[in-house]
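Below: one structure, written as structure tokens.
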């Protein structure tokens with residue numbers, strides 16, 4: 001039996017769908033590309049390229065399992081402070097990924113969406129995003145949500161400003177509500193994440209989905225993102241399935 005066949009059998013035998021309820025929405029902080037490259041004597045751009053390669057089987061596996069939404073933290077509002085050559089390489093990788101993978105994502109029934117201030121991205125990246133979103137707009141199997149130029153605090157500020165723009169001039173009885181904020185977030189219309197996965201062992205959420213992660217289960221692995229594979233994904237989901245989710249209440 002070849003390696004691919006053995007791996008497929010291992011995945012089938014450990015598929016979390018056999019054991020319990022799956023998360024509707026998985027969010028991933030894809031961390032560790034730079035350290036992965038450093039450990040191998042490579043430049044950081046090669047680490048990011050390996051990270052993009054690692055994303056493909058994760059998207060495919062999530063779609064196959066029936067996950068409704070997969071949100072991946074691709075570029076934060078703070079990442080602009082990195083060396084310009086690295087930032088430009090990241091946009092080139094994004095364009096390359098979208099151009100090479102959109103047709104296959106469409107065939108898998110995956111719809112591409114984005115969150116974040118995409119209007120501040122380079123034009124070449126914006127054009128590639130627009131093309132991919134148009135191409136996959138009618139797909140309904142799973143949403144691949146790319147967080148680009150995204151920051152949780154920035155999203156909340158933009159959500160409040162959207163609400164204010166809609167309600168000016170404010171009347172004395174105009175009040176912000178939790179539902180109003182949620183309806184104006186970049187993720188409006190999507191379920192909140194049930195599971196947050198962070199690779200590379202860092203114990204922080206790094207300004208990611210600050211509102212939406214209020215009751216998400218958090219799973220941290222020491223595995224660096226380029227080494228994260230469907231088996232690691234299954235480990236995270238199995239850990240999630242063992243959690244007692246009470247949402248602040250008590251189990252009867």
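The values are calculated or read from the model by the stated rules, or taken from the named source; none is laboratory data. None of the values given here were measured: they were computed from a predicted structure. Cβ: placed from backbone, ideal geometry, glycine included. Neighbour counts: every protein chain shown.
Which members of the range 108-135 meet the condition of being under 17 Å from the mean Cα position of the chain (by Cα) and not in a loop (DSSP other than H, G, I, E, B)? Residues satisfying the conditions are 110, 111, 112, 113, 114, 115, 118, 129, 132, 133.
Residues in the range 78-99 include none that are under 16 Å from the mean Cα position of the chain (by Cα), crowded, with 19+ Cβ neighbours inside 10 Å and not in a helix (DSSP H, G or I). Could you tell me whether residue 174 is touching a helix residue (DSSP H, G or I) at 6+ places or on another chain (Cβ under 9 Å) and within 21 Å of residue 54 (Cα to Cα)? Judged against the criteria, residue 174 is not a match. Across the range 116-142, the number of residues qualifying as in contact (Cβ under 8 Å) with a residue 60 or more places away in the chain and either at positive phi or surrounded by 21 or more Cβ atoms within 10 Å (Cβ to Cβ) (or both) comes to 2.
Of the listed requirements (1) part of a helix (DSSP H, G or I); (2) surrounded by 15 or more Cβ atoms within 10 Å (Cβ to Cβ), residue 67 misses just one: (1). Can you find a residue that is at pLDDT 95 or above and within 14 Å of the chain's Cα centre (by Cα) anywhere in the range 233-249? The answer is yes; a qualifying residue exists. Checked against (1) over 22 Å from residue 113 (Cβ atoms); (2) at pLDDT 95 or above; (3) touching a helix residue (DSSP H, G or I) at 6+ places or on another chain (Cβ under 6 Å), residue 203 meets all criteria but (3).
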